[in-house]
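Reviewing the structure listed below.
The values are calculated or read from the model by the stated rules, or taken from the named source; none is laboratory data. Given the structure is predicted, the values throughout are model-derived calculations rather than measurements. Please note: Cβ atoms are built from the backbone with ideal geometry, for glycine as well, and neighbour counts cover all protein chains shown.
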Amino acid sequence: MKIVLIGFGAINRHVVDVLSRTAPEVQIAAIGLPPGHELVGGVPGARLVTEPEALREIRPDMVVEAASREAVSAWGEAALMYCPTFIVSSASALADDIFSDRMHRLAIANGSRLIVSSGAVAGIDALAAVSLAGVDMLHHEIIKPPAAWQGTPADALLDGVFTAPVSFFSGTARQAGMAFPANANVAVITAKGSGAGLDAARVELVADPSATENRHRITAAGVFGTIRVEVDNKPLKANPKSSQLAALALARLVLLQMPGVRF
């Protein structure tokens, strides 16, 4: 299986490490980065590509994105045109309805698939199942240490040093995904995956100085009953905004596209 990675930060580096141990037959054919960016480290045998049209020549079996919302926009069209499967980590790109609809139409027109990773949360299978009955309420609370919110719009909302948890954002999943793409991709995943919708699902963002992990508390309710999911994630050492689970979920999606039986 021939793969092109989009982005080579903490998440995709972790994906490469996992795949090298679990599926050495996977070939990382190329790594896509924006023009002007240098590839540090890299993968043996993988070439650097900076233009999405390079996918026409490579014809990978899969394109795996773990870079940014902007990267999904830049590479998405070519990925759906020139390969069967485009796996997206930065789900906040799909908070833009016009872009999301365009990707959907492109996938249908080209017989390809855009698969959204479940990221740093659990229970997406159950949320997707109950979407068939209808979700009346979905609330997603994201709690992270202050360091995980640095370099985001939270800097302007968190005033000085604090010793207790601070809830600095409460709004819709669409607002959270658009304003905090590095931290709240999962809010878009749970809102769209459950069928609750980006404008109905509610999200609360919390900075907790006592937290050592990235925590997600998800509650969904409807005619099916109530689902409650809580996940405490170890952050990636190279990027405290992301969790190990986000990388592991992405690696598992790659493995699921390969022949064999998996659960």
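Quick rundown of the values:
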item: Selection count where residues are surrounded by fewer than 17 Cβ atoms within 10 Å (Cβ to Cβ) and part of a strand (DSSP E or B), scope region 36-67; result: 2
item: Checking Arg228 against (1) touching a residue at least 60 places away in the same chain (Cβ under 8 Å); (2) surrounded by fewer than 23 Cβ atoms within 10 Å (Cβ to Cβ); (3) over 15 Å from the mean Cα position of the chain (by Cα), the condition it does not meet; result: (1)
item: Unique residue being at pLDDT 95 or above, more than 13 Å from the chain's Cα centre (by Cα), surrounded by fewer than 18 Cβ atoms within 10 Å (Cβ to Cβ) and within 28 Å of Met103 (Cβ to Cβ) when the list is Gly151, Gly123, Gly197; result: Gly197
item: Sole exception among (1) out of contact with any helix residue (DSSP H, G or I) (no Cβ under 8 Å at 6 or more places or on another chain); (2) buried (at least 24 other Cβ atoms within 10 Å of the Cβ) for Glu213, by number; result: (2)
item: Residue satisfying all of: in region 68-109; in a strand (DSSP E or B) and not hydroxyl-bearing (Ser, Thr, Tyr); farthest from Asn183 (Cα to Cα) among these; result: Phe86
item: Hey, Ala71 at pLDDT 95 or above and closer than 22 Å to Leu256 by Cα or not; result: no
item: Ala133 being touching a residue at least 24 places away in the same chain (Cβ under 8 Å) and within 19 Å of the chain's Cα centre (by Cα); result: no
